[in-house]
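Read through the structure below, which is laid out as structure tokens, and then see the notes.
The values are calculated or read from the model by the stated rules, or taken from the named source; none is laboratory data. Bear in mind that the values here come from a model prediction, so they are computed numbers and not experimental data. Quick reminder, even Gly has a Cβ in these numbers, built from the backbone with ideal geometry, and neighbours come from all protein chains shown.
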Amino acid sequence: MTAPDVPAFPMNRTCPFDAPPEYAELRGTRPVVSAQLPGDQRTWLLTRHEDVRAALADPALSSNRRNPGFPLRAFGVRPPADFPQPMIGLDGAAHSAARRPVISEFSVPRVHALRPRIQQIVDEAIDTLLAAGQPADLVRYLSLPVPSLVICELLGVPYADHEFFQSRSARLVNRAVDPDERMAAATEVREYLDGLVTEKEREPGDDLLGRQILRARADGTEDHGGLVSLAFLLLIAGHETTANMISLGTLALLTHPDQLGLVRDDPATTPLAVEELLRYFSIVDSGTARVAVADTEIGGQPIAAGEGVIALGLAANRDPQVFERPDDLDVTRGARHHVAFGFGPHQCLGQNLARAELTIVFDTLLRRVPTLALAGGVEDIPTKQDATIYGCYELPVTW
Amino acid sequence: MRISADTDVCIGAGQCVLTEPAVFDQDDAEGTVVLHTTEPAAEYEDAVRDAVQLCPAQALSIVEE
């Protein structure tokens, strides 16, 4: 083996469809390994499905990003102490108290009720794509607007503000945009959401924010800043992730015609295809990090309090112990045991919304645009190899 | 087969409902798990085992008899 004793992290994907090559090697030889992060920090890396699940369900491992032992992929980006801690950084009872009031908004039946509106949003986005002329960038016309407009619907953003909300949130999540401009967009979105929450407090409507306000009033727990922070978190967590999966899922189907045929010929296949695409790309990968707040053990390796752990979702989802021929895209495999949405009490709050959006997008796109094709070669697609959330910047298509 | 659900640890991920809607549902107001039955018919036993395995919060358990 040529790898050094202490592997460096992050490791980058070298092909749009594959995991970093080091993942398989580590899973086979050192499934729980101490790695070097940028800066002076070390972390444990987990690459087995079983260990990733165990770690994410272990109450000894904390999500608190302010803990100095919390492993950071990029050096020096620890959140400031005065920034309100969103639920993704909370543990135990505090996390449960923050999450509990919102979970009904994302339940399977509630999301099912949103499907006609999501369908309408997807249809309109495809109209715009087709009107744009060829080649058109699928990221710009479909991947980015769909989740943004779904979040507008969820939060109750008035129609007149959709354009503003969409343009700012597209800028906010675009890593090709200058960091100062992105920061300015983040501030504008935050200010907008602050005003929106104030409006809803005056007149709570039949939407997520309105219902949260009424619920908090009944409990005596009204918290304006907390609600603005929640709205911002829902946007951040639900926009770029879903957008990247729309782009990558389309890319994967267009480059695997046999798999595309299975989905196009039988819409009953789409929900399983969505699970497989989530597994295959595992775009959040190293986003599921933890810090030990008590001594524990993962996969036979003692982990001491204060040490960091990164549960690599992509490595887990390519574990041959759980998924046969893990590097093959197979839309008919039952891939539901993937950990692309994480595991444990922090498992993605919006997962059913994401599933619905992806299912509707792929079904509608393949049905309405049967001649859809990549405008160039796969090697020309600019991918986010080194970003925290994997995706592609552009996806030029023809039809 | 008897099953039980702990709504205090349930996080409303909905994995069980996706697995077997004939046995599992989610409460409209709270989003937490609701059991249509605590003694699912034999035809649902495999799906119930899958749901227990998939539950991210380990809120479901099987009481074998």
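When A:Gly205 is tested against (1) free of Cβ contacts under 8 Å to residues at least 24 places away in the same chain; (2) surrounded by fewer than 19 Cβ atoms within 10 Å (Cβ to Cβ); (3) not acidic (Asp, Glu), only condition (1) is not met. Consider the stretch B:46-65 and keep the residues that are within 12 Å of chain A (Cβ to nearest Cβ) and assigned to a loop (DSSP other than H, G, I, E, B). The one that is farthest from B:Ser4 (Cα to Cα) is B:Pro56. The set of residues in the stretch A:343-393 that are under 26 Å from A:Gly313 (Cβ atoms), at pLDDT 95 or above and part of a loop (DSSP other than H, G, I, E, B) comprises A:Phe343, A:Gln347, A:Cys348, A:Leu349, A:Gly350.
For A:Ala252, the conditions (1) over 21 Å from A:Glu153 (Cβ atoms); (2) free of Cβ contacts under 8 Å to residues at least 60 places away in the same chain; (3) under 22 Å from the mean Cα position of the chain (by Cα) are fulfilled apart from (2).
If you go through the stretch A:43-72 and keep only what is small (Gly, Ala, Ser) and closer than 11 Å to A:Ala289 by Cβ, you end up with A:Ala55, A:Ser62, A:Ser63, A:Gly69. With respect to A:Gly249, is the statement that it is modelled with pLDDT of 95 or more, touching a helix residue (DSSP H, G or I) at 6+ places or on another chain (Cβ under 6 Å) and within 24 Å of A:Arg355 (Cβ to Cβ) true? So A:Gly249 fits the description; yes. Somewhere in the stretch B:37-45, is a residue assigned to a strand (DSSP E or B), surrounded by fewer than 16 Cβ atoms within 10 Å (Cβ to Cβ) and touching a residue at least 40 places away in the same chain (Cβ under 8 Å)? So far as the stretch B:37-45 goes, no, none of its residues is assigned to a strand (DSSP E or B), surrounded by fewer than 16 Cβ atoms within 10 Å (Cβ to Cβ) and touching a residue at least 40 places away in the same chain (Cβ under 8 Å).
So for the stretch A:105-118 (the condition being within 30 Å of A:Ser62 (Cα to Cα), away from chain B (no Cβ under 14 Å) and crowded, with 16+ Cβ neighbours inside 10 Å), does at least one residue qualify? No. For A:Phe17, the conditions (1) buried (at least 21 other Cβ atoms within 10 Å of the Cβ); (2) assigned to a loop (DSSP other than H, G, I, E, B) all hold with the exception of (1).
Just name the residue that is farthest from the other protein chains (Cβ to nearest Cβ) out of those in the stretch B:1-36 that are assigned to a loop (DSSP other than H, G, I, E, B) and among the aliphatic types (A, V, I, L, M). Filtering first and then ranking leaves B:Met1.
Kindly indicate whether A:Val52 is in a strand (DSSP E or B), modelled with pLDDT of 95 or more and surrounded by 13 or more Cβ atoms within 10 Å (Cβ to Cβ). So A:Val52 does not fit the description; no.
Restricted to the stretch A:325-353, and to residues there that are touching a Pro at 6+ places or on another chain (Cβ under 8 Å) and not aromatic (Phe, Trp, Tyr), the residue that is nearest to the other protein chains (Cβ to nearest Cβ) is A:Gln347.
Listed by position, the helices (runs of 4 or more DSSP H) enclosed by the stretch A:175-266 that each have at least 1 residues that are over 28 Å from A:Val122 (Cβ atoms) are A:179-202, A:208-219, A:224-255. Restricting A:Ala354, A:Ala375, A:Ala335 to those that are touching a Cys at 6+ places or on another chain (Cβ under 9 Å) and of a type in the set (A, V, I, L, M) reduces the list to A:Ala354.
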